[in-house]
Amino acid sequence: MASTILAGPVLRRCRPDRLVFWLASREPLSFRLLLPEREPVLLDAGQQHQLQVGERCFIQLLDVALEQPLPEDTLLPYDLQWRRDGEREWQGMANWGQELCYPGETLPSLVIRSRLDDMLHGSCRKPHHGAADGLVAADGWLQGRRQRPEQRPALLMLSGDQIYADDVAGPMLTAIHQLIDELGLYPERLEGALVADSAELFASPLNYYRRHELLPSTEANLPLQKRFFEGARKPIFTTSSAANHLITLSEVLAMYLLVWSPEPWRGLPSARPGLDGELAARYQRERERLEAFVAGLPAVRRLLAHLPTMMIFDDHDVTDDWNLTAAWEETAYGHPFSRRIIGNALVGYLLCQGWGNAPDAFKGEPMQRLRDWSERPGGECQDRLIDCLLRFDGWQYSLDTSPKLLVLDTRTRRWRAESNFNRPSGLMDWEALTELQGELLHHDAVVVVSPTPVFGVKLIEVIQKIFTWFGKPLLVDAENWMAHQGTANVILNIFRHTRTPANYVILSGDVHYSFMYDIRLRYQKGDPHLWQITSSGIKNEFPHRLLDVLDRLNRWLYAPRSPLNWFTRRRRLEITPHPPLGASRGERLLNRAGIGHVRFNEQGEPVLVQQITADGVVDFIEQRPRELAADAPSRSGC
């Protein structure tokens, strides 16, 4: 029998006076929350936000305000119960949520930490990649610590590419379409495409492994194609991995359900599309990898029910190279089909990620447009919703923790290269950076989440710069903080400002390898002190041989005394790489899928940095005294 709850609960924001949960159900439900030694909290319309997204699918955001604050640093089992309209009996998690419980326990639990002293973080979870799932490894790691509140991470931070809307395996697309049929997810019309609507798309011979051919190709659109696609391997929808690019909103929503929960997979038929030759072989290879991914989903669902989980988008949540250049934006948003595909991904992000990050940020027009679309799906309501979200500038958010957590939107508020629209845009514009500086004032320490590393590998950034000089930034994903002079200068000046925090920890992902840098200002003692800690990917890796070559070349070319360091924008910074413990000589980058783990001391400095993988834990630093860099390895200009 199919479960009423399709996915979740995913534990989102957690404060003593407020708990936020996200989940998806097959039918409209009422909820109540049971907590230790408390009267049941029956959720009213102000606390339960229910949106219908299909005939048999409802997205639920439960935003529970608590009159009596919950204790901090205490293990709190919880029972999220539901019932159908008109029923009297409540269905508790003992009946429907046993898969969410660890062995020997009858309920999932949460801990509200009094300090942000411990975090898990990571990005880039591609279901059909051959690497093991880092969220499964995190669940196994948490299982050994679940009964000790002081060892629970304060939160799990997913810093981008929670889905790959632009890189979908054939068997995943099959499951997506089967789930759309099962749940009756809403159809839609497609303006400007070679297919009129979602039904025609799904029935098209181009539906599997040929979706890139659905881009406009009439004579009237040739100037658009020439201008946008000529000589570029990675524009939207035509990258070599875009053969199954998600197009409709129903596809995006179905994929979210399929990557976060095993329940939608149960009962799906085993039928597959008619494919021949190499495509049939490719489909089978992807199917075998997806079977391993699906087998780990019960552990992933359990992890997300136990840890407060925050999220932010990066490009693959929407499409590769999203907003990379002004020319990209001008072309993508200037065509109705491209605009709809990007907009659909953004609506899916709002419903399944952004809403739980900061529910209050979306009150007003975004939620009104979302409800209008839910009541009258498709057509003008969907267009107005997409228009609203493309204008929206509140995706970034912060948590008033100690130290404070700032999560940056590095995708939608870009600093355009006005002199040449084909050059990479800055990851944040002047106004967004000014707001960031205001958020940093009066804090001794902050944790900043930037999906793309602020301080990356110099050699790789130089390669990206060379391709940019030749007018081909899309070929190498030439987006880094140093690629745009204005953005680079402002962010570095923010770090140098005397009124901003003494200690910065920057958590990033995106690059498909992991590393740690310890950063000081040259010729200046004391503050500020920065750390760049990158964990990527959760289920993705960089080509191993290529990364090994780049890692070693970077060390040789940008050694501490190399004059090449003075040709970079970071020449005033002294950067110490922390190699993974046990690494071979010259190795600075870790190319192993998993999840990052960081522990902070009272001053907000990292004292333990690890990558938790399916094969064990890899340390970057062990417990260190406050003078973290005093006995660090020799400094370099990485």
*Selection status of His335, within 18 Å of the chain's Cα centre (by Cα), farther than 30 Å from Pro77 by Cα and open to solvent by 10 Å² or more (accessible area, probe 1.4 Å)*: no
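Sort out which residues of the stretch 45-61 are small (Gly, Ala, Ser) and open to solvent by less than 50 Å² (accessible area, probe 1.4 Å), and write them in order of number. It would help to see each step written out before you state the result.
Our first condition is that a residue be small (Gly, Ala, Ser); within the stretch 45-61, this holds for 45-46, 54.
Matches in the stretch 45-61: Gly54 only.
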_Taking the criterion of being basic (Lys, Arg), at pLDDT below 80 and in a loop (DSSP other than H, G, I, E, B), would at least one residue in the stretch 550-557 satisfy it?_
no
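Those residues that are within 18 Å of Asp317 (Cβ to Cβ), in contact with a strand residue (DSSP E or B) (Cβ under 8 Å, 6 or more places away or on another chain) and either not charged (D, E, K, R) or not in a loop (DSSP other than H, G, I, E, B) (or both), I need them from the stretch 125-140; list them, please. Can you show your working first?
Step one: filter the stretch 125-140 for residues within 18 Å of Asp317 (Cβ to Cβ), giving 125-129, 133-135.
Restricting the remaining residues to those that are in contact with a strand residue (DSSP E or B) (Cβ under 8 Å, 6 or more places away or on another chain) gives 125-127, 129, 133-135.
Answer for the stretch 125-140, where residues must be within 18 Å of Asp317 (Cβ to Cβ), in contact with a strand residue (DSSP E or B) (Cβ under 8 Å, 6 or more places away or on another chain) and either not charged (D, E, K, R) or not in a loop (DSSP other than H, G, I, E, B) (or both): Arg125, Pro127, His129, Gly134, Leu135.
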*Output the residue which, of all residues in the stretch 437-451 that are at pLDDT below 95 and touching a Leu at 6+ places or on another chain (Cβ under 8 Å), is least open to solvent (accessible area, probe 1.4 Å).*
Leu440
_Qualifying positions in the stretch 169-194 - touching a Leu at 6+ places or on another chain (Cβ under 8 Å) and either basic (Lys, Arg) or assigned to a loop (DSSP other than H, G, I, E, B) (or both)_ = Ala169, Tyr186, Glu188, Leu190, Ala193, Leu194
_Pro563 modelled with pLDDT of 70 or more and surrounded by fewer than 19 Cβ atoms within 10 Å (Cβ to Cβ)_ = no
_For the stretch 8-32, give me the residue count where each residue is more than 23 Å from Leu257 (Cα to Cα) and either of a type outside the set (D, E, K, R) or out of contact with any strand residue (DSSP E or B) (no Cβ under 8 Å at 6 or more places or on another chain) (or both)._
2
*Would you mind stating whether Thr309 is closer than 30 Å to Ser109 by Cα, among the polar types (S, T, N, Q) and at pLDDT 90 or above?*
yes
*So which residues in the stretch 403-428 are over 21 Å from the mean Cα position of the chain (by Cα) and modelled with pLDDT under 95?*
Trp415, Arg416, Ala417, Glu418, Ser419, Asn420, Phe421, Asn422, Arg423, Pro424
*From the list Leu29, Leu42, which one is open to solvent by less than 40 Å² (accessible area, probe 1.4 Å) and not charged (D, E, K, R)?*
Leu29
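Among the candidates Val20, Val64, which residue alone is in a strand (DSSP E or B), open to solvent by less than 10 Å² (accessible area, probe 1.4 Å) and touching a residue at least 60 places away in the same chain (Cβ under 8 Å)? Outline the logic, then answer.
Values: Val64 fails: touching a residue at least 60 places away in the same chain (Cβ under 8 Å).
Within the list Val20, Val64, the selection yields Val20.
Which count do you get for residues in the stretch 434-450 that are under 20 Å from Phe600 (Cβ atoms) and among the charged types (D, E, K, R)?
Our first condition is that a residue be under 20 Å from Phe600 (Cβ atoms); within the stretch 434-450, this holds for 439-440, 442-450.
Remaining after also requiring among the charged types (D, E, K, R): 439, 444.
Matching residues across the stretch 434-450 total 2.
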*asked:* Let me confirm something: among Asp166, Asp161, which residue is part of a loop (DSSP other than H, G, I, E, B) and touching a strand residue (DSSP E or B) at 6+ places or on another chain (Cβ under 8 Å)?
replied: Asp161
*For Gly348, all conditions in the list (1) part of a helix (DSSP H, G or I); (2) surrounded by fewer than 24 Cβ atoms within 10 Å (Cβ to Cβ) hold save one; what is the number of the exception?*
(2)
*For the stretch 384-406, does any single residue satisfy the condition of being open to solvent by less than 10 Å² (accessible area, probe 1.4 Å), under 20 Å from Ala488 (Cβ atoms) and either in contact with a Leu (Cβ under 8 Å, 6 or more places away or on another chain) or in a helix (DSSP H, G or I) (or both)?*
yes
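Determine, yes or no, whether Ala232 is over 30 Å from Glu55 (Cα atoms), at pLDDT 85 or above and open to solvent by 20 Å² or more (accessible area, probe 1.4 Å).
Numbers: over 30 Å from Glu55 (Cα atoms): yes; at pLDDT 85 or above: no; open to solvent by 20 Å² or more (accessible area, probe 1.4 Å): yes.
No: the conditions fail for Ala232.
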*Is it the case that Pro473 is surrounded by 22 or more Cβ atoms within 10 Å (Cβ to Cβ), modelled with pLDDT of 85 or more and not aromatic (Phe, Trp, Tyr)?*
no
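A quick yes/no check of all residues on (1) more than 26 Å from the chain's Cα centre (by Cα); (2) polar (S, T, N, Q); (3) at pLDDT below 90:
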| site | (1), (2), (3) |
| --- | --- |
| Ala488 | no, no, yes |
| Arg499 | yes, no, yes |
| Asn503 | no, yes, no |
| Ile506 | no, no, no |
| Tyr517 | no, no, no |
| Tyr523 | yes, no, yes |
| Asp527 | yes, no, yes |
*For the stretch 302-330, what are the residues that are in a helix (DSSP H, G or I) and open to solvent by less than 10 Å² (accessible area, probe 1.4 Å)?*
Leu303, Leu304, Ala305, His306, Asp315, Asp317, Ala326, Trp328
*Restricting the first residue to the stretch 190-209 and requiring it to be open to solvent by 10 Å² or more (accessible area, probe 1.4 Å), which pairs with a second residue that is of a type in the set (Asp, Glu) and part of a loop (DSSP other than H, G, I, E, B) meet a Cβ separation below 7 Å and a spacing of at least six or different chains?*
Asp197/Glu188
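For residues that are under 19 Å from Ala7 (Cα atoms) and of a type in the set (D, E, K, R), scanning just the stretch 67-98, find the one that is surrounded by the fewest Cβ atoms within 10 Å (Cβ to Cβ).
Filtering the stretch 67-98 down to residues under 19 Å from Ala7 (Cα atoms) leaves 78-84, 90-98.
Next, only the ones that are of a type in the set (D, E, K, R) stay: 79, 83-84.
Working: Asp79: 18, Arg83: 14, Arg84: 12.
Among residues in the stretch 67-98 that are under 19 Å from Ala7 (Cα atoms) and of a type in the set (D, E, K, R), the one surrounded by the fewest Cβ atoms within 10 Å (Cβ to Cβ) is Arg84.
The values are calculated or read from the model by the stated rules, or taken from the named source; none is laboratory data. Computed from a predicted model, the values in this text were never measured in an experiment. Glycine also receives a Cβ, built like all others from the backbone with ideal geometry; neighbour counts cover every protein chain displayed. The protein model used for the area step is the full one, side chains on, heavy atoms only, and it has no ligands, DNA or RNA in it. Shrake-Rupley method; radii C 1.70, N 1.55, O 1.52, S 1.80 Å.
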